[in-house]
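The values are calculated or read from the model by the stated rules, or taken from the named source; none is laboratory data. Just so we're clear, the structure is a prediction, and the values are computed from it rather than from any experiment. Cβ coordinates were reconstructed from backbone atoms using ideal geometry, including for glycine residues, and neighbour counts include every protein chain displayed.
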Amino acid sequence: MRYIEQFTEGYRVSDVYLVKNRQIAVTRNGKEYANVVLQDRTGTIDAKIWDLTSPGIGDFEALDYAHIEGDVILYQGNRQLNIRRIRRAEEGEYRPADYLPVSPRNLKEMYQELKALVMSIENPYLKQLAVSCYVDDKEFLKAFCYHSAAKSVHHGFVGGLLQHTLSVMNLCEYLSKNYEMLDRDLLLTAALFHDIGKVQELSAFPENDYTDGGQLIGHIIIGTQMVHDRIREIDGFPEKLGRELEHCILAHHGELEYGSPKKPALLEALALSFADNTDAKLETMMEALSSGGVGNKNGWLGFNLFLDSNIRPTKDMQGLRRGTETSAPDIQAGPAEGSGTAGENEKRSDRRGGGSDRFANRIEFPGWNS
C-alpha cells in the first residue's frame, strides 16, 4: 500500500485506509458534504466527500476500514483528499497493523529502560509505589505500554505514552546529576507518574479519543487521584512525601493557562515541568518536520499552529518519516472499551479484524499470563 505520508499533490489514491472520523457538514449553499479523517500508521489526512448522493459512495462508519478512490490536492498549503468512491473494506483486504501509528522505537527495549530506572529508585516508599504499578501490575502495564500520550500534537501513536514517559525520566535523570539540590528519587518518581492519567483520559486504539472522564476531568487530576489511591495502599507512606509527589503531578504543565491546577512550588516540580515541556515540544516539531512535505524552495513548511511559528528543517528529512524504517508490531485492533454495547462492539470487532486480544504481538512481562 502507499502510506499517507507519501501522498503528493496529484496522486490518485486507490487503497484501504482506516476511517478515523466522519462528520456531515453543510456548504454555504446549503448542500451536505462529509468531512472524513483517514489514518494509517504514518499519519492522517483530511478528506472530503462533496457528493454524498454519488453511486460510488457506499455505507461506512467511523473506525471502519474503507477502500478509497480519490485525488490528493493542496488546500491552503495542506494536503487534502477528495474522495470519489468509498466502500467498507472486506476482511482480508487489509492488515490492521498497517493502520495504527506506532512508535519508531522498540517497545520492549523502552520498557526495559524504564524498568531499570524504576529499580534504581532508592527511597523505599517511592520504589514500592513505582514497582507496584510499573512492574507488578500487569493489566496496567498492558494499557500503559500500548497507549498514546495524546490524541494528536505529540506522541499520538501506539507506545507514545511509554516513549514520552521514558524521555521525560531520562531528562530528569540528567537534571538530577547537574543540580545537586534536586531530590532524584522524588523527581524520577514524579516523571514516571506524571502522565499516568492518560490511560483513562484517552481511549484505546484505534479510537484514541477523549473519554468522558478525559473531557470532564483531564489527565492531571485523574493521574493525581490514581497516585493518591496507590499511596493509601502502602503502609507508613510519609504524608509529606505523598503531598510532594502529588504536587509535582498537579504542576507538571508549569502554568495555570496550560492546564496545571497549581504552578510549581517545589524544585522537583519545576524541573519536571521543564522536562515534560522539552520532550513534548521537540516531539511536536519533529513530527511536523517529518510529515510536512517538501516546503517551498527554501524548505519552509509554513505556519505551525501548535508551535506558533513558521518552521523548516535543518537537514534532509527523507528517510526519517515515521513508520517507513520501523516495522509495526502485529497488532490486532479491536473496538475501544466503552465505545458501544457488547453486541455493537462484537460486530465492529468482526469488521476490523480485531478479537478479544487487541495486541497479538504483546510485550511479554514475567507472569502476564499467569
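As an exercise: evaluate Asn35 against (1) over 17 Å from Tyr3 (Cα atoms); (2) assigned to a strand (DSSP E or B); (3) modelled with pLDDT under 95; (4) not hydrophobic (A, V, I, L, M, F, W, C) and give the number of the one condition it does not meet.
(3)
For Gly30, which of the numbered conditions (1) more than 24 Å from Glu93 (Cα to Cα); (2) in a strand (DSSP E or B) fails to hold?
Every listed condition holds for Gly30 apart from (2).
Please specify each residue of segment 102-132 satisfying the condition of being touching a Lys or Arg at 6+ places or on another chain (Cβ under 7 Å), of a type in the set (Val, Ile, Thr) and in a helix (DSSP H, G or I).
Looking only at segment 102-132, we keep the residues that are touching a Lys or Arg at 6+ places or on another chain (Cβ under 7 Å), and these are 102, 104, 121, 129, 132.
With of a type in the set (Val, Ile, Thr) added as a condition, the list becomes 102, 121.
None - no residue of segment 102-132 is touching a Lys or Arg at 6+ places or on another chain (Cβ under 7 Å), of a type in the set (Val, Ile, Thr) and in a helix (DSSP H, G or I), so the list stays empty.
For Asp276, all conditions in the list (1) modelled with pLDDT of 95 or more; (2) under 26 Å from Phe157 (Cα atoms); (3) part of a loop (DSSP other than H, G, I, E, B) hold save one; what is the number of the exception?
The single condition Asp276 does not satisfy is (3).
Pick from Asp212, Asp136: which is of a type outside the set (S, T, N, Q), within 24 Å of Gly242 (Cβ to Cβ), assigned by TED's automatic domain parsing to the domain that holds Leu245 and out of contact with any His (no Cβ under 7 Å at 6 or more places or on another chain)? Quick ask: steps written out before the conclusion?
Numbers: Asp212 fails: within 24 Å of Gly242 (Cβ to Cβ).
It is Asp136.
I'd like to check something: does segment 279-297 contain any residue that is among the hydroxyl-bearing types (Ser, Thr, Tyr), modelled with pLDDT of 95 or more and in a helix (DSSP H, G or I)?
Step one: of segment 279-297, the residues among the hydroxyl-bearing types (Ser, Thr, Tyr) are 284, 290-291.
Next cut, modelled with pLDDT of 95 or more only: none.
Looking through segment 279-297, none of the residues is among the hydroxyl-bearing types (Ser, Thr, Tyr), modelled with pLDDT of 95 or more and in a helix (DSSP H, G or I).
Suppose we filter Ser176, Ser203 for residues that are modelled with pLDDT of 95 or more, of a type in the set (Gly, Ala, Ser) and assigned by TED's automatic domain parsing to the domain that holds Ile121; which single one remains?
On the way: Ser203 fails: modelled with pLDDT of 95 or more.
So the residue among Ser176, Ser203 that is modelled with pLDDT of 95 or more, of a type in the set (Gly, Ala, Ser) and assigned by TED's automatic domain parsing to the domain that holds Ile121 is Ser176.
Can you find a residue that is under 21 Å from the mean Cα position of the chain (by Cα) and under 30 Å from Ile45 (Cα atoms) anywhere in segment 108-123?
The answer is yes; a qualifying residue exists.
Inspect segment 145-163 for any residue being assigned to a helix (DSSP H, G or I), touching a helix residue (DSSP H, G or I) at 6+ places or on another chain (Cβ under 7 Å) and surrounded by fewer than 20 Cβ atoms within 10 Å (Cβ to Cβ) and give the result as yes or no. Talk me through it step by step, then tell me what you get.
Initial filter on segment 145-163 (assigned to a helix (DSSP H, G or I)): 145-146, 160-163.
Next cut, touching a helix residue (DSSP H, G or I) at 6+ places or on another chain (Cβ under 7 Å) only: 145, 161-163.
If we keep only those that are surrounded by fewer than 20 Cβ atoms within 10 Å (Cβ to Cβ) as well, we get none.
No, there is no match, as no residue in segment 145-163 is assigned to a helix (DSSP H, G or I), touching a helix residue (DSSP H, G or I) at 6+ places or on another chain (Cβ under 7 Å) and surrounded by fewer than 20 Cβ atoms within 10 Å (Cβ to Cβ).
Can you tell me how many residues within segment 170-212 are of a type in the set (A, V, I, L, M, F, W, C), part of a helix (DSSP H, G or I) and without any contact (Cβ under 8 Å) to a residue 60 or more places away in the chain? Let's see the steps before the verdict.
If we filter segment 170-212 for residues that are of a type in the set (A, V, I, L, M, F, W, C), which is where we start, we get 171-172, 175, 181-182, 186-188, 190-193, 196, 199, 202, 204-205.
Checking the rest, the ones that are also part of a helix (DSSP H, G or I) come to 171-172, 175, 186-188, 190-193, 199.
If we keep only those that are without any contact (Cβ under 8 Å) to a residue 60 or more places away in the chain as well, we get 199.
Count: 1.
For Leu307, all conditions in the list (1) touching a strand residue (DSSP E or B) at 6+ places or on another chain (Cβ under 7 Å); (2) surrounded by 12 or more Cβ atoms within 10 Å (Cβ to Cβ); (3) at pLDDT 55 or above hold save one; what is the number of the exception?
(1)
One residue is enough: does segment 95-108 have a residue meeting the conditions of a type in the set (S, T, N, Q), surrounded by fewer than 19 Cβ atoms within 10 Å (Cβ to Cβ) and under 30 Å from Val131 (Cβ atoms)?
Let us first name the residues in segment 95-108 that are of a type in the set (S, T, N, Q), namely 103, 106.
Going one step further and asking which of them are surrounded by fewer than 19 Cβ atoms within 10 Å (Cβ to Cβ), we end up with 106.
From what is left, the residues that are under 30 Å from Val131 (Cβ atoms) are 106.
Checked against the condition, which is being of a type in the set (S, T, N, Q), surrounded by fewer than 19 Cβ atoms within 10 Å (Cβ to Cβ) and under 30 Å from Val131 (Cβ atoms), segment 95-108 yields at least one hit.
Here is a yes/no grid of residues against (1) more than 13 Å from Phe193 (Cα to Cα); (2) over 23 Å from the mean Cα position of the chain (by Cα); (3) outside the structural domain of Leu166 (by TED's automatic domain parsing); (4) at pLDDT 95 or above:
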position: Arg230; (1), (2), (3), (4): no, yes, no, yes
position: Glu239; (1), (2), (3), (4): yes, yes, no, yes
position: His252; (1), (2), (3), (4): no, no, no, yes
position: Leu270; (1), (2), (3), (4): yes, yes, no, yes
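Can you pull out the residues in segment 63-89 that are crowded, with 16+ Cβ neighbours inside 10 Å and outside any strand (DSSP E or B)?
Leu63, Asp64, Ala89
In the list Gly254, Gly242, Gly214, which residue meets the criterion of being touching a helix residue (DSSP H, G or I) at 6+ places or on another chain (Cβ under 7 Å) and closer than 30 Å to Val19 by Cα?
Working: Gly254 fails: closer than 30 Å to Val19 by Cα; Gly242 fails: closer than 30 Å to Val19 by Cα.
Matching residue, one of Gly254, Gly242, Gly214: Gly214.
Would you mind stating whether Phe144 is aromatic (Phe, Trp, Tyr), outside the structural domain of His164 (by TED's automatic domain parsing) and under 25 Å from the mean Cα position of the chain (by Cα)? I'd like the intermediate steps shown before the answer.
On the way: aromatic (Phe, Trp, Tyr): yes; outside the structural domain of His164 (by TED's automatic domain parsing): no; under 25 Å from the mean Cα position of the chain (by Cα): yes.
The answer is no for Phe144.
Going through segment 38-50 one residue at a time, which ones are among the charged types (D, E, K, R) and either at pLDDT 95 or above or assigned to a strand (DSSP E or B) (or both)?
First pass over segment 38-50, keeping only residues among the charged types (D, E, K, R): 40-41, 46, 48.
Passing the criteria: Asp40, Asp46, Lys48.
Here is a check on your reading of the model: is Ile220 touching a Pro at 6+ places or on another chain (Cβ under 8 Å) and either surrounded by fewer than 15 Cβ atoms within 10 Å (Cβ to Cβ) or at pLDDT 95 or above (or both)?
Working: touching a Pro at 6+ places or on another chain (Cβ under 8 Å): yes; either surrounded by fewer than 15 Cβ atoms within 10 Å (Cβ to Cβ) or at pLDDT 95 or above (or both): yes.
Yes, satisfied.
Pick out the one residue from Ile86, Ile68, Ile57 that is touching a Gly at 6+ places or on another chain (Cβ under 7 Å) and farther than 22 Å from Met285 by Cα. So that I can check it myself, show each step before the final result.
Values: Ile68 fails: touching a Gly at 6+ places or on another chain (Cβ under 7 Å); Ile57 fails: touching a Gly at 6+ places or on another chain (Cβ under 7 Å).
Answer to the check: Ile86.
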